[in-house]
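Visitor: Let me begin by handing over the structure; questions about it come next.
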Amino acid sequence: MSTDVTTAQNIDTLFLEQRRYPPPPEFAAQANAQPDIYDTDLETFWAREARARLSWFKDFDTVLEWKPPYAKWFLGGKLNIAYNCVDRHVEQGRGDKVAYFWEGEPEDDRKEITFAQLQRDVVRFANVLKALGVKKGTPVGIYMGMIPELPVAMLACTRIGAPFTVVFGGFSADSLSGRLNDMECELLITQDEGWRRGNRVSLKATADAAMAQAPTVKSALVVRRTGGNVAWEDNRDHWYHNHAGEVSDDPASCPCEAMDSEDLLYLLYTSGTTAKPKGIVHTTAGYLTGVSTTHHYIFDVKPDSVYRCAADIGWVTGHSYIVFGPLCNGTTGVIYEGTPDFPDKDRWWSIIERYKVDILYCAPTAIRTHMKWGPEYAERHDLSSLRLLGTVGEPINPEAWIWYRDHVGGGRTPVVDTWWQTETGAIMITPLPGITTLKPGSATKPFPTIDPVVLDEQGNEVPAGQGGYLAIRKPWPSMLRGIHKAHDRYVETYWSKYKDMYFVGDGARVDEDGDYWLLGRVDDVMNVSAHRISTIEVESALVDHPKVAEAAVCGRSDPQTGQAIVAFVTLKGGDPGSPAMARELRDHVGKRIGKIASPANIVFTPELPKTRSGKIMRRLLRDVAENRPLGDTTTLADAAVVDEISRRAKEDSGKDEG
Ligand code: WTA
């Protein structure tokens with residue numbers, strides 16, 4: 001693990017950031033979160049929110065049981081997530097309210113799904129799952145694009161108490177099968193194809209390749225999206241539409257299963273510092289309380305809000321802030337299937353205008369893409385409905401923050417930079433828009449009751465202004481409940497560096513006002529376009545290619561994607577490499593993991609720089625990748641290697657094959 005926290009991001013620009021944005025008085029006056037929100041203690045706060053925000057079949061009797069490193073929340077309680085997200089809104093007379101405005105990528109492909117319709121869709125889907133043998137406790141895999149049936153499938157699983165894992169639709173067959181095998185999924189829900197920048201992407205074909213390596217999967221339920229041709233295995237594959245006609249959509253035909261607070265809700269796999277992704281465990285009541293509470297206060301959601309989170313549901317942001325948080329709060333959301341530049345670069349803004357979106361939540365990398373395209377696309381549309389903007393997934397550079405506020409928010413809207421992780425389940429460090437004075441580039445303050453601290457290597461709290469490791473001292477309801485089938489790895493990754501504190505894996509600095517500045521990962525995890533990718537995962541994909549002898553991977557900063565992946569590769573038999581070979585390796589990594597993990601640069605080198613004990617000198621490679629002057633090379637087994645790498649890295653730059 002790197003100990004050089006300050007290399008994670010250019011700390012100097014952040015030090016110079018002096019701009020301050022206090023909340024507009026009108027916003028502050030009407031805000032869901034008022035200053036006294038910070039006054040309540042941990043258990044009182046969350047017990048109050050859990051009872052106010054969720055409907056319980058049976059009230060809980062214990063708020064928190066904390067036996068580090070495992071927390072249990074709301075013990076004794078019984079509830080159902082689909083009931084909270086859907087049924088109760090209908091029962092309380094809000095059946096006609098829109099739950100989702102959905103837009104397919106092909107224009108004019110639109111749907112308005114009310115809560116009443118969503119309830120029927122979920123019941124029908126759940127009945128089909130039951131007909132295919134899914135019961136309470138049956139693990140289900142989901143591999144889909146951004147179509148309405150994706151949240152419906154997730155909710156249907158929760159209705160019958162089947163834990164699920166959603167795998168992002170851009171992941172490869174190997175990535176998918178790895179997850180299906182780890183969770184021992186018995187059924188996979190997928191779709192024929194999806195739309196992406198005007199092209200059809202076959203999800204079923206990838207799912208087929210994955211299922212060939214996933215023996216526990218006995219059946220596939222396939223939603224028809226494009227109507228394109230797909231291969232079919234009669235005794236395994238089922239068209240959703242064939243079964244849907246045969247089951248009821250009456251809620252009474254499929255009652256919501258009463259789940260225990262701590263029953264498994266879902267696993268979501270995320271990159272760690274080994275080649276094998278970790279199945280992060282989230283359970284029922286604490287998770288739903290955490291996401292609905294944060295969604296309410298941080299996004300200042302009102303009953304008539306039209307809220308848009310631009311993430312993919314395949315990532316945690318989509319789970320927490322497209323599906324469970326907003327639906328639990330009865331919020332109207334907007335889901336869009338495709339890319340932001342189809343048919344033109346103003347697609348996002350046309351969506352904001354059409355539905356009069358008042359809250360927009362997206363990643364800094366998306367903002368930087370829009371910056372690059374220019375403000376004229378946003379200017380074509382009336383964005384005056386926007387009241388609040390949010391960001392997530394990576395540190396935001398002040399320039400992007402200001403651009404977002406000015407060109408999207410019309411210079412009026414607060415911008416909430418929200419820090420959290422797959423593991424934390426919900427937002428942890430964030431402004432509250434009616435309370436917090438904003439600083440571009442800072443996630444500002446811990447959410448009420450969240451107790452972070454910045455420590456040095458020895459576990460001492462570092463003084464204001466100094467970088468260190470972020471840790472969290474007290475438990476919180478939506479925290480992970482472990483790594484699936486990997487207790488030791490859970491302890492080792494999160495709980496061994498500091499005693500009884502959650503080790504985050506990010507560097508941070510707290511300024512003299514108590515505001516947090518996140519400094520990026522301190523482990524071997526890269527952040528590319530707000531997606532976590534492990535260096536070691538990419539390295540194993542590379543060395544898995546028959547011509548590769550050795551590979552080392554690191555991130556370099558990239559103006560658009562945050563970080564970009566650089567791979568240093570030694571080929572077998574002294575092969576010097578070629579642009580064609582680089583292309584082949586990129587494809588190979590794309591097939592092994594997914595396109596998001598394809599290296600932006602591949603540097604062929606006769607040898608990798610190593611210490612005398614044979615460890616690859618990653619810090620040196622990072623220096624090369626960042627075009628920085630090289631550090632001390634005396635511990636290198638062969639100092640000449642570094643010059644060679646340096647020379648080749650310079651040659652490579654500018655001829656990126658993309
Ligand atoms: C990074 C995404 C700075 C961080 C919700 C974290 C951020 C990782 C921010 C988690 C932010 C997320 N400022 N860095 N506002 N939000 N990160 O699990 O490095 O996909 O550890 O969850 O993203 O990524 P994950």
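The values are calculated or read from the model by the stated rules, or taken from the named source; none is laboratory data. On a predicted model such as this, the values are computed, not experimentally measured, just so you know. Because the Cβ atoms are built from the backbone with ideal geometry, glycine has one as well, and the counts that use them run over all protein chains shown. The area values use the complete protein model at the heavy-atom level, side chains included, leaving out ligands, DNA and RNA. Shrake-Rupley method; radii C 1.70, N 1.55, O 1.52, S 1.80 Å.
Visitor: Which ones in region 129-141 are on the phi < 0 side of the Ramachandran plot and either in a loop (DSSP other than H, G, I, E, B) or surrounded by fewer than 24 Cβ atoms within 10 Å (Cβ to Cβ) (or both)?
Guide: If the condition is that a residue be on the phi < 0 side of the Ramachandran plot and either in a loop (DSSP other than H, G, I, E, B) or surrounded by fewer than 24 Cβ atoms within 10 Å (Cβ to Cβ) (or both), then 130, 131, 132, 134, 135, 136, 138, 139 are the ones that fit.
Visitor: Of all residues in region 282-326, count the ones that are β-branched (Val, Ile, Thr), in contact with a helix residue (DSSP H, G or I) (Cβ under 9 Å, 6 or more places away or on another chain) and either closer than 23 Å to residue 354 by Cβ or without any contact (Cβ under 8 Å) to a residue 40 or more places away in the chain (or both).
Guide: First pass over region 282-326, keeping only residues β-branched (Val, Ile, Thr): 283-284, 289, 291, 293-294, 298, 301, 306, 313, 316-317, 322-323.
Filter once more, so that each one left must be in contact with a helix residue (DSSP H, G or I) (Cβ under 9 Å, 6 or more places away or on another chain): 284, 289, 291, 293-294, 301, 306, 313, 322-323.
Those left that are additionally either closer than 23 Å to residue 354 by Cβ or without any contact (Cβ under 8 Å) to a residue 40 or more places away in the chain (or both): 301, 306, 313, 322-323.
Final tally of qualifying residues: 5.
Visitor: Mind listing just one residue for me: the one in region 370-402 that is over 23 Å from the mean Cα position of the chain (by Cα) and of a type in the set (Phe, Trp, Tyr) and, of those, farthest from residue 27 (Cα to Cα)?
Guide: 373
Visitor: Okay, moving on. Residue by residue through region 206-222, note down the ones that are more than 24 Å from the chain's Cα centre (by Cα) and either surrounded by 15 or more Cβ atoms within 10 Å (Cβ to Cβ) or under 22 Å from residue 126 (Cα atoms) (or both).
Guide: 208, 209, 211, 214, 216, 217, 218, 219, 220, 221, 222 - these are the residues of region 206-222 that are more than 24 Å from the chain's Cα centre (by Cα) and either surrounded by 15 or more Cβ atoms within 10 Å (Cβ to Cβ) or under 22 Å from residue 126 (Cα atoms) (or both).
Visitor: I'm told residue 535 meets every condition in (1) within 12 Å of the ligand (Cβ to nearest atom); (2) in contact with a Cys (Cβ under 9 Å, 6 or more places away or on another chain); (3) of a type in the set (Ser, Thr, Tyr) except one. Can you identify the failing condition by its number?
Guide: Failed condition: (1).
Visitor: Out of 432, 455, report the one residue that is at pLDDT 95 or above, under 19 Å from residue 500 (Cα atoms) and either surrounded by 24 or more Cβ atoms within 10 Å (Cβ to Cβ) or among the aliphatic types (A, V, I, L, M) (or both).
Guide: 455
Visitor: Answer yes or no: is there a residue in region 269-278 that is crowded, with 22+ Cβ neighbours inside 10 Å and among the aliphatic types (A, V, I, L, M).
Guide: No, region 269-278 contains no residue that is crowded, with 22+ Cβ neighbours inside 10 Å and among the aliphatic types (A, V, I, L, M).
Visitor: Next question, about the same structure. From the list 301, 316, which one is more than 13 Å from the ligand (Cβ to nearest atom) and open to solvent by 10 Å² or more (accessible area, probe 1.4 Å)?
Guide: Of the residues listed, the single one that is more than 13 Å from the ligand (Cβ to nearest atom) and open to solvent by 10 Å² or more (accessible area, probe 1.4 Å) is 301.
Visitor: Return the total of residues in region 448-472 being within 21 Å of residue 512 (Cβ to Cβ) and assigned to a loop (DSSP other than H, G, I, E, B).
Guide: 9
Visitor: In region 342-373, which residues are of a type in the set (D, E, K, R) and either open to solvent by less than 40 Å² (accessible area, probe 1.4 Å) or within 16 Å of the ligand (Cβ to nearest atom) (or both)?
Guide: Within region 342-373, 346, 347, 358, 368 qualify.
Visitor: Now for a different question. If I ask for residues that are over 23 Å from residue 508 (Cβ atoms) and either within 11 Å of the ligand (Cβ to nearest atom) or in a helix (DSSP H, G or I) (or both), which ones from region 374-404 would you list?
Guide: 376, 377, 378, 379, 403
Visitor: Considering region 482-512 alone, what residues qualify as being in contact with a strand residue (DSSP E or B) (Cβ under 8 Å, 6 or more places away or on another chain), aliphatic (A, V, I, L, M) and not in a loop (DSSP other than H, G, I, E, B)?
Guide: Those that are in contact with a strand residue (DSSP E or B) (Cβ under 8 Å, 6 or more places away or on another chain), aliphatic (A, V, I, L, M) and not in a loop (DSSP other than H, G, I, E, B): 483, 504, 508, 510.
Visitor: Out of everything in region 406-432 that is over 22 Å from the mean Cα position of the chain (by Cα) and in contact (Cβ under 8 Å) with a residue 60 or more places away in the chain, what residue ends up being nearest to the ligand (Cβ to nearest atom)?
Guide: Looking at residues that are over 22 Å from the mean Cα position of the chain (by Cα) and in contact (Cβ under 8 Å) with a residue 60 or more places away in the chain, I get 414.
Visitor: May I pose another question? Within region 374-384, can you find the residues that are of a type outside the set (Gly, Ala, Ser) and crowded, with 19+ Cβ neighbours inside 10 Å?
Guide: Listed by number, the residues that qualify are 377, 383.
Visitor: Could you grab the pairs with beta carbons closer than 6 Å, sequence gap of 6+ or different chains, first residue in region 500-513 and at positive phi and touching a residue at least 12 places away in the same chain (Cβ under 8 Å), second one within 15 Å of the ligand (Cβ to nearest atom) and aliphatic (A, V, I, L, M)?
Guide: Correct list of pairs: empty, since none qualify.
Visitor: Failed condition for residue 148, given (1) within 20 Å of residue 206 (Cβ to Cβ); (2) open to solvent by 10 Å² or more (accessible area, probe 1.4 Å), with all others met?
Guide: Failed condition: (1).
Visitor: Failed condition for residue 449, given (1) at negative phi; (2) away from the ligand (no atom under 16 Å from the Cβ); (3) open to solvent by 10 Å² or more (accessible area, probe 1.4 Å); (4) at pLDDT 95 or above, with all others met?
Guide: Result: residue 449 fails condition (1) only.
Visitor: Still on this structure, I have one more. With respect to residue 26, is the statement that it is surrounded by fewer than 19 Cβ atoms within 10 Å (Cβ to Cβ) and more than 29 Å from residue 494 (Cα to Cα) true?
Guide: Taking the combined requirement at face value, the residue satisfies it.
Visitor: Does region 111-128 hold any residues that are surrounded by 23 or more Cβ atoms within 10 Å (Cβ to Cβ), over 23 Å from residue 217 (Cβ atoms) and out of contact with any Phe, Trp or Tyr (no Cβ under 9 Å at 6 or more places or on another chain), and which are they?
Guide: Result: 115, 119, 123.
Visitor: Quick check, is residue 169 surrounded by 23 or more Cβ atoms within 10 Å (Cβ to Cβ), under 19 Å from residue 79 (Cα atoms) and in contact with a Gly (Cβ under 7 Å, 6 or more places away or on another chain)?
Guide: no
Visitor: Another question about this same structure. Considering region 327-341 alone, what residues qualify as being in a loop (DSSP other than H, G, I, E, B) and either without any contact (Cβ under 8 Å) to a residue 12 or more places away in the chain or in contact with a Phe, Trp or Tyr (Cβ under 8 Å, 6 or more places away or on another chain) (or both)?
Guide: If the condition is that a residue be in a loop (DSSP other than H, G, I, E, B) and either without any contact (Cβ under 8 Å) to a residue 12 or more places away in the chain or in contact with a Phe, Trp or Tyr (Cβ under 8 Å, 6 or more places away or on another chain) (or both), then 330, 331, 337, 338, 340, 341 are the ones that fit.
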